[in-house]
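Take a look at the structure below.
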Amino acid sequence: MWKRMKDRRRVDPARLELCDLCARTFPEDEAVSGYVPDSSCAHPRRQWFDGLRRVTACSEEHFGKIREEYRLRPFEPEELWAAKVNCALTTGRPALTLEELGRRTGLHEPEIRRAIAWHNERLRDAGDNGIDDGTSTV
């Protein structure tokens, strides 16, 4: 007959984190994490996090290197607006008008137009750099 061990406690495996710099995995309680400014980051539900990216590192040294990389990266308002527009268009019901898109993003029409222009310019640059966007025919 099998006996249940009453004093035996179930051990849950430690949760792991991944370093954004070196990709090393380590226990969650050793993580160094924080927010860095990033104009490409928009949060779908918490707009107060727009323009901030949460990063995780395995050490203070790696967190400092990540923070420095983001500090050197230019913060472009149009990129943030484009990220907000993308979030609004990919979550929930599709926006059909600029007014509706403005209500969902908190942006005004000129900002939405500048975001679209910024996005289209990046697509053109990517096409000029030899990146295949799937539209060319041979």
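Quick one: what does P(r) look like for segment 33-101 with 5 Å bins over all Cα pairs, in whole %?
Per 5 Å bin, starting at zero, the Cα-Cα P(r) for segment 33-101 comes out as 3, 17, 22, 20, 15, 10, 6, 4, 2, 0 percent.
If you bin the C-alpha pair distances of segment 13-138 every 10 Å from 0, what whole percents do you get?
All Cα pairs considered, the percentages come to 12, 30, 30, 22, 6, 0.
Leaving out ligands, DNA and RNA but keeping every protein chain, what accessible area does Asp20 have, in Å² rounded to the nearest 10, with a 1.4 Å probe?
90
The values are calculated or read from the model by the stated rules, or taken from the named source; none is laboratory data. Values in this document were obtained by computation on a predicted structure and should not be read as measured data. SASA here: full protein model, heavy atoms, side chains in, ligands and nucleic acids out. Shrake-Rupley method; radii C 1.70, N 1.55, O 1.52, S 1.80 Å.
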